[in-house]
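First comes the structure, then the notes that go with it.
The values are calculated or read from the model by the stated rules, or taken from the named source; none is laboratory data. As the structure is a computational prediction, the values presented were derived from the model and not from experiment. Cβ placement follows ideal geometry from the backbone for every residue including glycine, while neighbour counts extend to all protein chains displayed. All accessible areas refer to the heavy atoms of the entire protein, side chains included, with ligands and DNA or RNA removed. Shrake-Rupley method; radii C 1.70, N 1.55, O 1.52, S 1.80 Å.
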Amino acid sequence: MTERATIRTDWTRQEVRQIYDKPLLELVFEAQQTHRQHHVASGVQLCQLLSIKTGGCPEDCAYCPQSAHYSTGLDKNGLLALDEVMQNARSAKEEGVHRFCMGAAWREAPEGKEFDQVLEMVRGVSSLGLEVCCTLGMLTADQAVRLAEAGLSAYNHNLDTSPEFYGRIITTRNYQDRLETIDAVRKAGVTVCCGGIIGMGESDEDRIGLLHQLSTLAPHPESVPINMLVRVEGTPLANAEAIDPLVMVRTIAAARLLMPASRLRLSAGRRSLTREAATLCFLAGANSIFVGEKLLTTPNPGRDEDEFLLETLSLNPMP
Ligand code: SAM
Ligand code: DTB
Ligand code: SF4
């Protein structure tokens, strides 16, 4: 390996803008160079999602099919039983999945019996030798510690967009709430998974703002999911204008240069990317994907399709 790019958490917004605004081919080239200094170029992490509590969420996130504020025709479901979660996790493991991520449509993780059940799920999944991640909404410091003790590897909590655009997407919580949960996760010794969504009608400057926020978290989130909005009928963003896939490529490449050692996950929205666009995302530094027919509630490419893609690109799933 050649000399590694230093990892900085003191980026100015102007520096982030300069990187984001580079000519696309130059940006992707530099991102791939940095990628190779910090990662095995042919490696990809496969993650699988499971919605352990679906729908009826009190938050009003404009993109989300699970918000109780919108009628999306989604079937609601209370907390799944441990058995069902374990069955899912076992088959994910058999399919070569490396990280299993459990998501719940909560504003904040509950106290009491339900939280104890989640801790059981974390213990169970971790006992299979899988990395285990949860995304349960806001956490207290104490809940973060209890999740850590149960064996949680990572906690997903996205900043979603720039601080300026945030209020246009969500009104029931603020940016500071998000930062506080991320801080609690970090202090509990759990790795942080934090990223955002593009294609919500935000501007380049908002994407720059998001990247600036993520890349000045110290230390950087170990994993950064970049989601492309999945437009769901019934949500306020159902008719948002489709985003140019090359904006996704640009955002990933900039993220790679800003956070050289983080794992960048090409997350929601892959069904709207061609094989060629996905290839450019990998070239720009993406090295993780969600596999399986479903994300939390919306469809994802099938396993056959993904295997064909990884084989074509000679990408090897992390053991
Ligand atoms: N309720 C918890 C929370 O919001 O933190 C956890 C579950 S929530 C569904 C997890 C993440 O999924 C959100 O932060 C958002 O970034 C992403 N997400 C939700 N709906 C999406 C959509 N339609 N398209 C793309 N990403 C989406
Ligand atoms: C993340 O950033 N993307 C995943 C995971 N973290 C939890 C969720 C995507 C959800 C897409 C909409 C759905 O399937 O409900
Ligand atoms: Fe609730 Fe999370 Fe969906 Fe927002 S993104 S409505 S918090 S489930």
Residue among SER71, SER51, SER42 that is loosely packed, with under 14 Cβ neighbours inside 10 Å, touching a residue at least 24 places away in the same chain (Cβ under 8 Å) and over 20 Å from ALA286 (Cβ atoms)
SER71
Any residue in segment 232-246 that's more than 18 Å from CYS64 (Cβ to Cβ): show its pairings with residues that are not in a loop (DSSP other than H, G, I, E, B) at Cβ separation under 6 Å, as long as the two are six or more apart or on different chains.
PRO245/ALA277
Say whether the condition of being under 16 Å from the mean Cα position of the chain (by Cα) and at pLDDT 95 or above is met by at least one residue in segment 305-316.
no
Output for segment 112-137, where each listed residue is open to solvent by 60 Å² or more (accessible area, probe 1.4 Å), acidic (Asp, Glu) and touching a residue at least 24 places away in the same chain (Cβ under 8 Å)
GLU114, GLU120
Qualifying residues in segment 90-106 (those that are over 16 Å from LYS53 (Cβ atoms) and either in contact with a helix residue (DSSP H, G or I) (Cβ under 8 Å, 6 or more places away or on another chain) or charged (D, E, K, R) (or both)) - the one most open to solvent (accessible area, probe 1.4 Å):
GLU94
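For every residue, the table says whether it meets (1) open to solvent by 40 Å² or more (accessible area, probe 1.4 Å); (2) under 17 Å from the mean Cα position of the chain (by Cα); (3) under 23 Å from CYS101 (Cα atoms); (4) among the β-branched types (Val, Ile, Thr).
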residue	(1), (2), (3), (4)
GLN176	yes, no, no, no
LEU179	yes, yes, yes, no
ILE182	no, yes, yes, yes
GLY199	no, yes, no, no
ILE226	no, yes, yes, yes
Checking GLY129 against (1) within 16 Å of ligand 2 (Cβ to nearest atom); (2) part of a loop (DSSP other than H, G, I, E, B): exactly one of these is not met. Which one?
(1)
Which residues, taken from segment 165-219, are of a type in the set (Gly, Ala, Ser) and either part of a loop (DSSP other than H, G, I, E, B) or in contact with a Leu (Cβ under 8 Å, 6 or more places away or on another chain) (or both)?
ALA184, ALA188, GLY189, GLY195, GLY196, GLY199, GLY201, SER203, SER215, ALA218
Any residue in segment 9-24 that's closer than 9 Å to ILE208 by Cα: show its pairings with residues that are of a type outside the set (A, V, I, L, M) at Cβ separation under 6 Å, as long as the two are six or more apart or on different chains.
ARG13/HIS212; VAL16/HIS212
Being away from ligand 3 (no atom under 16 Å from the Cβ) and of a type in the set (Gly, Ala, Ser) narrows it down to one residue among ALA5, ALA68, ALA62; which is it?
ALA5
Which listed residue, of THR216, THR279, is among the polar types (S, T, N, Q) and touching a residue at least 60 places away in the same chain (Cβ under 8 Å)
THR216
Please specify each residue of segment 132-161 satisfying the condition of being among the small types (Gly, Ala, Ser), part of a loop (DSSP other than H, G, I, E, B) and within 16 Å of ligand 2 (Cβ to nearest atom).
GLY137, SER153
